[in-house]
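Worksheet for the structure shown next.
The values are calculated or read from the model by the stated rules, or taken from the named source; none is laboratory data. These numbers were taken from a predicted model, which means no experiment stands behind them. We place every Cβ from the backbone using ideal geometry, glycine too, and count neighbours over all the protein chains shown.
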Amino acid sequence: MNLSQTFLGVTFENPTVLASGILGITASSWRAVARGGAGAVTTKSLWPVEHQGNRNPTIISTEHWTLNAVGVPDAGPAKAKEEIAEFLKDHPVPLIANVIGLVPEEFAAITEVVVPLKPDFLEVNLSTPTFRKLRGKLFAEDANEAAKIIRAVKEVSGVVPVFAKLTPDVPTIGEIARACVDAGANGITAINTAGPGMAIDLRSRMPILAAHSGGLSGPALKPIAVRCIAEIYDATGGKVPIIGTGGVYTGEDALELMLAGATLVGIGTAVAERGIDVFKKVCDEIQMWCTNEGVWEIRDLVGGMHRELSKTIEN
Ligand SMILES: Cc1cc2nc3c(=O)[nH]c(=O)nc-3n(C[C@H](O)[C@H](O)[C@H](O)COP(=O)(O)O)c2cc1C
């Protein structure tokens, strides 16, 4: 069973990817994730200037969902450069540099910082839900605004492929994805956390998170991720690589996202529950399923649901 795939000039030994914002931003934590079996790692969102995060508590988890309002804290571009350069010295797995900003110039500025380090892909975060508090709406809620950011990044990204990271909280995610691709995006990451949601402590009658609300991730997000990926795959004619992310805990979850159209599968919230070697566990589960089903190439599964659906329409 071959779990590896090569696309946009990069080889991934397996389809699992550390999702952005999980396990901090140090070369040593990314190396630990690579040893835990990840096929690639994503940095947390990098700003062009240092940013403080929100006050604690910033995370609340149940077995069904997690809410987070960490507020995208960042130690600034000098620290990011140092850690990315250190990781890329031996480059155990591909690195995806995730960038963020409040205006197109900020996205371009941080892209110019990371591109000389030669990350494998750039991921443009257009979709952290808590950004609604900072700028009213998310870039990924509006096709024109999303395209404007992608164009600003593409002007300075050189040969590094660019992925647009989208929010599920829109009526037509396929249209937003297509606008990003038309603006030059080489791939789509879907999805970011949803909501935001809120949880209340019954005794104090107060919101549990200091920021009151936070982005929803974990198992409850998976069916929404599957539908979003399927719509993006349809809207882009199955020709654009998708990093599917949202509620993946097991190999079967990962396979479901791949059948919807994901080429790679991001894993975030599950790291807290299944441990840093969740990537290896998920790959073992994929291997076992594929062996039982007689599937020998993982890439044969990508978009499989769409091929089955078209057979039923043809007949
Ligand atoms: C604590 C936490 C921090 C996150 N920080 C970021 C971030 O900095 N940038 C980003 O693009 N996504 C961020 N995300 C979103 C994840 O990358 C992912 O898209 C989302 O959590 C859905 O995947 P999951 O259900 O596997 O966690 C964060 C998620 C969590 C739980």
Could you list all residues from region 95-112 that are away from the ligand (no atom under 16 Å from the Cβ) and touching a residue at least 12 places away in the same chain (Cβ under 8 Å)? Pro104, Glu105, Ala108, Ala109, Glu112
Quickly run through region 196-210 and pick out the residues that are crowded, with 20+ Cβ neighbours inside 10 Å and either aliphatic (A, V, I, L, M) or assigned to a loop (DSSP other than H, G, I, E, B) (or both). Leu209
Those residues that are surrounded by fewer than 13 Cβ atoms within 10 Å (Cβ to Cβ) and touching a Lys or Arg at 6+ places or on another chain (Cβ under 9 Å), I need them from region 268-315; list them, please. Gly275
Where a residue in region 35-47 is more than 30 Å from Val103 (Cα to Cα) and its partner, wherever it lies, is among the aromatic types (Phe, Trp, Tyr) and buried (at least 23 other Cβ atoms within 10 Å of the Cβ), with Cβ under 6 Å and at least six apart: Gly36/Phe279; Gly37/Phe279; Ala38/Phe279
Can you name the condition, by its number, that Val159 falls short on among (1) within 20 Å of Thr42 (Cα to Cα); (2) in contact (Cβ under 8 Å) with a residue 12 or more places away in the chain? (2)
Only one of Val248, Val265, Val240, Val170 is crowded, with 17+ Cβ neighbours inside 10 Å, at pLDDT 95 or above and farther than 27 Å from Trp30 by Cβ; which? Val170
Helices (runs of 4 or more DSSP H) lying entirely in region 223-315 (those with 1 or more residues that are within 15 Å of the ligand (Cβ to nearest atom)): 251-260, 270-274, 278-293
Only residues that are in contact with a Leu (Cβ under 7 Å, 6 or more places away or on another chain) and touching a residue at least 40 places away in the same chain (Cβ under 8 Å): list them for region 14-29, please. Asn14, Pro15, Val17
Residue check, Val282 under 21 Å from Val41 (Cβ atoms) and under 15 Å from the mean Cα position of the chain (by Cα): no
Which of the residues spanning region 1-52 are at pLDDT below 95, β-branched (Val, Ile, Thr) and surrounded by 19 or more Cβ atoms within 10 Å (Cβ to Cβ)? Ile22, Ile25
Which of the residues spanning region 42-53 are within 21 Å of the chain's Cα centre (by Cα), assigned to a loop (DSSP other than H, G, I, E, B) and of a type in the set (S, T, N, Q)? Thr43, Ser45
